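What follows is one structure encoded as C-alpha cells, with my remarks underneath.
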Amino acid sequence: MRRLINTALREDRAHRDRTSRAVLPPALRIRARLIAKAPGVLAGVQAAAMVFTALDPSLRCRLHRSSGARLAPGTPLLTIDGRARSIFAAERTALNLLSHLSGIATLTAAYVRQVRGTKAVILDTRKTLPGLRGLEKDAVRAGGGRSHRADLAEAILIKTNHLRALQRSAFSVQRAKVIQQAVNKVKRAYPNKPVEVEVVNLAEFKAALAARPRMVLLDNWSLPDIRKAVSLRNCTLHAKRSTLALEVSGGVTLANVRAIARAGVDRISIGRLTHSAPALDMALRVQ
C-alpha cells in the first residue's frame, strides 16, 4: 500500500504544489476533516490517512469511522492536524482513494441487501484496476461481499477458452471429454486446490457434473436455464451424496440478482463491483 501511495503522490507531484507554496505561509498549521457528502458504506479510510502521513510524517490523523461503517451526508471520517501546505498537497490523492473504495463498498452492500435471506453470497472478480486489487477487494469485504480469488494461483478456474483451446488441439474430441480430461488433470496437478469449471449450456453442465469439480460456473445463463441447472445438480448429487457449488456470473444487476439468488445458486460473482462502481462523494473541509 505504501508503494502505491508513494507512486500516486509522485504522479500528482504533491511535493511541488506550487499553488499552496505561493499562497500559504510555510509555518501555517490547520485542522481539516474528511467528510462524506452522500450516503454509503466506508472503505479505504486507513489508506487515506496513510496518504497524508506518507507525504508529511508530522501530520496527525485521527479516524472517526472504520471500514464497513454506514455513512450519512456530513459524517466525519478523518481529522488531520498539521501543516496546511502538506494537507492540501495530499488532499486529492487521499480523496481519490477514499471515494473510489467507498463507492465499491457501497455498491457491494446494495447487492448484499438484495440477496438477504437466500443462501447466495456476493463475490468480486479479478476485474480490478492494476495495482489496486488488494484495496478494492478489501472494499468489497467492507460492503459485505467476499473474494472470489485473489489471483491466478489461489484457485483453479477452467474457463471456456481453456476448453476451446484444448478441443482445437484434438479436433475429434467432444467437449464433454475435454471437460473430464481438464478437470482430472488439474486435480492431479493441484490436489489441494478447489477446482471450478465454466460451462455454457446444459450439455456441458452435465459433463461437468460427471467430472465432479468443486464448483461449476454458469456464465451469462438465462434465469430458466439457471433453474434447470440447480434442479439437475440437486437431483444428481443427492443420489451420489456429494456436494457441488453453483456460481453465476455475467449480466447480474441489482434488478435481477435476487431472482438469481432465489433460484438456488450458491455464489454470484459480479465484475461491476470493482470495475464500474460509482465513486462516493467525499470532501475535505478546513475546520
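The values are calculated or read from the model by the stated rules, or taken from the named source; none is laboratory data. In this text, all values refer to a predicted model and were calculated from it rather than measured experimentally. Cβ atoms come from the backbone with ideal geometry, glycine included; neighbour counts cover every protein chain shown.
Just name the residue that is farthest from the chain's Cα centre (by Cα) out of those in the stretch 80-109 that are in a helix (DSSP H, G or I) and surrounded by fewer than 18 Cβ atoms within 10 Å (Cβ to Cβ). Lay out the reasoning, then the answer.
At the first step, the residues of the stretch 80-109 found to be in a helix (DSSP H, G or I) are 84-109.
When the remaining residues are screened for being surrounded by fewer than 18 Cβ atoms within 10 Å (Cβ to Cβ), the result is 92, 96.
Values: 92: 23, 96: 17 Å.
Here the residue is 92.
Could we say that residue 72 is surrounded by fewer than 20 Cβ atoms within 10 Å (Cβ to Cβ), of a type in the set (A, V, I, L, M, F, W, C) and either in contact with a strand residue (DSSP E or B) (Cβ under 6 Å, 6 or more places away or on another chain) or assigned by TED's automatic domain parsing to the domain that holds residue 135 (or both) here? Answer is no for this residue.
Residue by residue through the stretch 52-61, note down the ones that are within 14 Å of residue 91 (Cβ to Cβ) and part of a loop (DSSP other than H, G, I, E, B). Result: 56, 59.
Quick test for you: out of 206, 177, 187, 228, pick the one residue that is surrounded by 14 or more Cβ atoms within 10 Å (Cβ to Cβ), at pLDDT 95 or above and assigned to a helix (DSSP H, G or I).
Numbers: 206 fails: at pLDDT 95 or above; 177 fails: at pLDDT 95 or above; 187 fails: at pLDDT 95 or above.
After applying the criteria, what remains is 228.
Cβ-Cβ distances below 6 Å connect the following pairs, each with a first residue in the stretch 40-64 that is free of Cβ contacts under 8 Å to residues at least 24 places away in the same chain and assigned by TED's automatic domain parsing to the domain that holds residue 28, a second residue that is surrounded by 24 or more Cβ atoms within 10 Å (Cβ to Cβ) and aromatic (Phe, Trp, Tyr), and a separation of six or more residues or different chains: 61/52. Comparison of 49, 43, 32, 8 shows that the only residue that is surrounded by 19 or more Cβ atoms within 10 Å (Cβ to Cβ) and either part of a loop (DSSP other than H, G, I, E, B) or of a type outside the set (A, V, I, L, M, F, W, C) (or both) is 43.
Pairs linking a residue in the stretch 220-231 that is within 14 Å of residue 253 (Cβ to Cβ) to a residue that is outside any helix (DSSP H, G or I), with Cβ atoms under 6 Å and 6 or more positions apart or on different chains, are 220/250; 220/251.
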